[in-house]
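The structure under discussion appears below in the form of structure tokens.
The values are calculated or read from the model by the stated rules, or taken from the named source; none is laboratory data. In this text, all values refer to a predicted model and were calculated from it rather than measured experimentally. No Cβ is skipped: glycine too gets one built from the backbone with ideal geometry, and neighbour counts run over all protein chains shown.
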Amino acid sequence: MPLTRRAFVSGLGSFATLAIAPTFAVVARATTLRALSLEDLVAASDRAVVGRAVHHDSDWAYVAGARRIVTWTRVLQEDDLLGESGAQDEVLVMTLGGKVGDLRQKVPGEATLTLGERVLLFTSAAASDGACHIVGMSQGKYEIVAGQSGGDGVLRRSAQIPHLVRAQPKPGFPPAPLAIEVLAGKSLKDARTLVRGVR
């Protein structure tokens, strides 16, 4: 992979700590992140990409000064719910972990993209080569599945959500609902309205 991608991922090492075991498996400690409300998720995102994963490639890169496996996935974009990049038809997404040869690294809580799946991704921090990362790890990834009554699909939250810590609410106010609570189970049409409503 080009050096620009390696430079891009060098700042993402705070997400998780990895260690390679002698058996070529990977042991990863649990990942704990701040829980994101929908407002947090949208504010941290450059795009809310609706699209389909069409190709991925894993390679070694330097993350926070250590050599890690990362995966680049090309997502064919249908729409951007934030309306910032509607004309762009492909997005390159970088995630931590993947497989190179016989060695696989997994990062608990990181979003994983399966080829062919239709997704809504909240992405940010585009590098000079166009690569970006998913905001909040798997908090920013929703699979779009067929709804019972048809339509444009229904959002399903990731099964790989990291351990989340809620921010302390202001005295006298209830805690803000989390993005994964607000968006999961919503139709894509309703999600578009919710996302644009807090932009």
Of the residues in the stretch 128-150, those that are in contact with a Ser or Thr (Cβ under 6 Å, 6 or more places away or on another chain) and over 21 Å from Ile180 (Cα atoms) come to Ser128, Asp129
Of all residues in the stretch 32-85, count the ones that are charged (D, E, K, R) and within 17 Å of Val195 (Cα to Cα).
-> 8
Select from the stretch 146-199 the residues that are touching a residue at least 60 places away in the same chain (Cβ under 8 Å) and not aliphatic (A, V, I, L, M) and list them in ascending order.
-> Pro162, His163, Arg166, Pro177, Arg192, Arg196, Arg199
Among Val42, Val9, Val107, the single one that is surrounded by 17 or more Cβ atoms within 10 Å (Cβ to Cβ) and at pLDDT below 90 is Val9
If a residue has to be surrounded by fewer than 16 Cβ atoms within 10 Å (Cβ to Cβ) and more than 13 Å from Ala184 (Cα to Cα) to count, how many in the stretch 131-151 make the cut?
-> 5
Quick one: would you say Val119 is among the β-branched types (Val, Ile, Thr) and buried (at least 18 other Cβ atoms within 10 Å of the Cβ)?
-> yes
Which pairs have Cβ atoms under 9 Å, sit 6 or more apart or on different chains, and link a residue in the stretch 106-124 that is at positive phi and of a type in the set (Val, Ile, Thr) to one that is crowded, with 24+ Cβ neighbours inside 10 Å and in a strand (DSSP E or B)?
-> none
Search the stretch 51-68 for residues that are hydroxyl-bearing (Ser, Thr, Tyr) and pair each with any residue that is part of a strand (DSSP E or B) when their beta-carbon atoms are under 6 Å apart and the residues are at least 6 apart or on different chains.
-> Ser58/Ile69; Ser58/Thr71; Ser58/Gly98; Ser58/Lys99; Ser58/Val100
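Whether any residue in the stretch 52-65 is closer than 25 Å to Val182 by Cβ, basic (Lys, Arg) and modelled with pLDDT of 95 or more is what I want to check. Write out each step before concluding.
Start the filter on the stretch 52-65 by keeping residues that are closer than 25 Å to Val182 by Cβ, which leaves 52-53.
Still in the list and also basic (Lys, Arg): 52.
Subsequent filtering for residues that are modelled with pLDDT of 95 or more retains 52.
There is at least one residue in the stretch 52-65 that is closer than 25 Å to Val182 by Cβ, basic (Lys, Arg) and modelled with pLDDT of 95 or more.
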Output the number of residues of the stretch 162-186 satisfying the condition of being touching a Gly at 6+ places or on another chain (Cβ under 8 Å), buried (at least 17 other Cβ atoms within 10 Å of the Cβ) and more than 15 Å from Leu120 (Cα to Cα).
-> 1
